[in-house]
Amino acid sequence: MSGTAPTPLQSFRRSDKPRSGASDNPRAAHPEPAPSRWNERTRFPAPLPWLWLLGALLLAGCAGQPSPPPFAVPEKSASERLIETVERDHGVLAAARVRRWFELMEQGRALPDPQRLQLTNQYFNGARFTTDYAVWQKADYWATPVEFLIEDAGDCEEFAIAKYITLTRMGIADSALRITYVKALSLDQPHMVVAWYETPAADPLILDNIEPRILPASQRPDLIPVYSFNGSDLWLARNRREQVRSGDAATLSHWQQLRERLARQLGP
């Protein structure tokens, strides 16, 4: 046998060479599958080029937009804050009376004047009629409607003033209303009521806490008028039918102090 026998290494190298016609690429024996729209790892369709472009445009458009403001809690109204204060300082029942007062005024804005009178007179006449000494430990104190409702008690000034303020806030013109200081013959003492004038020369209707009915002044012979006032004017009574303007309501110190306290209680 001629020639030198191949070494084992040479035999290995020869046998390791691919056969004639085979590819030099080791992966050629296992060709990759054809491209697919499905992503092998996630099993979801691979994004198309136009989707990538759309996403980039959207991000570019949003990048310059300000971030939305944080959620803001609506500010509470003055009436809501007042009711919370009353409940904290005076209890649930007092707060419920004040809340009902605000609801009453809101309801009255849509009503004609006669119904406003009835609604207001009935609501406040449910309070207890007593003296300033019993409630405020003072000889004479004019309470605001809020103070009156907290105590649910007061003398004639509290009833009359609360009714007057409620009616004006319902929408009745101030010129049609007067808080009237009278002498009550049935009580044999000074008393205070509210008079509503349909016209300046009309026989006024009287809202009173000792008489639940709303009657014309001509049907209240037990009341003798002394003076009256509203938000701006002051009148002195010449007789049951005639009153003469005598000045400004601002001259009544109790009235001015009450209105200042009420403005602080109800807010702007």
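From the list Tyr181, Tyr197, which residue is aromatic (Phe, Trp, Tyr) and touching a residue at least 40 places away in the same chain (Cβ under 8 Å)? Walk me through how you get there before you give the answer.
Numbers: Tyr197 fails: touching a residue at least 40 places away in the same chain (Cβ under 8 Å).
Result: Tyr181 is the single residue among Tyr181, Tyr197 that is aromatic (Phe, Trp, Tyr) and touching a residue at least 40 places away in the same chain (Cβ under 8 Å).
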*Tally the residues that are in a loop (DSSP other than H, G, I, E, B) and in contact with a His (Cβ under 9 Å, 6 or more places away or on another chain), restricting the search to the range 137-154.*
3
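Scanning for something free of Cβ contacts under 8 Å to residues at least 60 places away in the same chain, surrounded by 22 or more Cβ atoms within 10 Å (Cβ to Cβ) and not small (Gly, Ala, Ser), does the range 107-117 turn up at least one residue? Outline the logic, then answer.
Taking the range 107-117 and keeping what is free of Cβ contacts under 8 Å to residues at least 60 places away in the same chain, we get 107, 110-112, 114-116.
Of the ones still in play, those that are also surrounded by 22 or more Cβ atoms within 10 Å (Cβ to Cβ) are 116.
If we keep only those that are not small (Gly, Ala, Ser) too, we end up with 116.
Yes, because at least one residue in the range 107-117 is free of Cβ contacts under 8 Å to residues at least 60 places away in the same chain, surrounded by 22 or more Cβ atoms within 10 Å (Cβ to Cβ) and not small (Gly, Ala, Ser).
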*Consider only pairs whose beta carbons are under 6 Å apart and that are at least six residues apart or on different chains; among these, list those whose first residue lies in the range 249-268 and is under 15 Å from Tyr227 (Cβ atoms) and whose second residue is hydrophobic (A, V, I, L, M, F, W, C) and outside any helix (DSSP H, G or I).*
Ala249/Phe229; Ala249/Leu234; His254/Trp142
*Where in the range 206-268 are there strands (runs of 3 or more DSSP E), lying fully within it, with 1 or more residues that are closer than 17 Å to Ala143 by Cα?*
223-229
*Test: residue in the range 180-193 that is under 31 Å from the mean Cα position of the chain (by Cα) and closer than 22 Å to Leu111 by Cβ*: no
_Can you find a residue that is buried (at least 22 other Cβ atoms within 10 Å of the Cβ), of a type in the set (Asp, Glu) and under 17 Å from Asp113 (Cα atoms) anywhere in the range 197-219?_
yes
_Between Asp140, Asp132, Asp174, Asp152, which is surrounded by fewer than 21 Cβ atoms within 10 Å (Cβ to Cβ), under 23 Å from Arg99 (Cβ atoms) and either touching a strand residue (DSSP E or B) at 6+ places or on another chain (Cβ under 8 Å) or not basic (Lys, Arg) (or both)?_
Asp152
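Only one residue in Thr85, Thr130, Thr120 is within 19 Å of Arg264 (Cβ to Cβ) and among the polar types (S, T, N, Q), so which one is that?
Numbers: Thr130 fails: within 19 Å of Arg264 (Cβ to Cβ); Thr120 fails: within 19 Å of Arg264 (Cβ to Cβ).
Of the residues listed, the single one that is within 19 Å of Arg264 (Cβ to Cβ) and among the polar types (S, T, N, Q) is Thr85.
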*Among residues of the range 91-143, those that are acidic (Asp, Glu) and within 20 Å of Glu157 (Cα to Cα), counted*: 2
*Looking at the range 174-195, is at least one residue within 30 Å of Thr85 (Cβ to Cβ) and assigned to a helix (DSSP H, G or I)?*
yes
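No lab work stands behind these numbers, since they all come straight from the coordinates. All values reported here derive from a predicted model rather than from experimental measurement. FYI the Cβ positions are ideal-geometry reconstructions off the backbone, even for glycines, and counts take in every protein chain you see.
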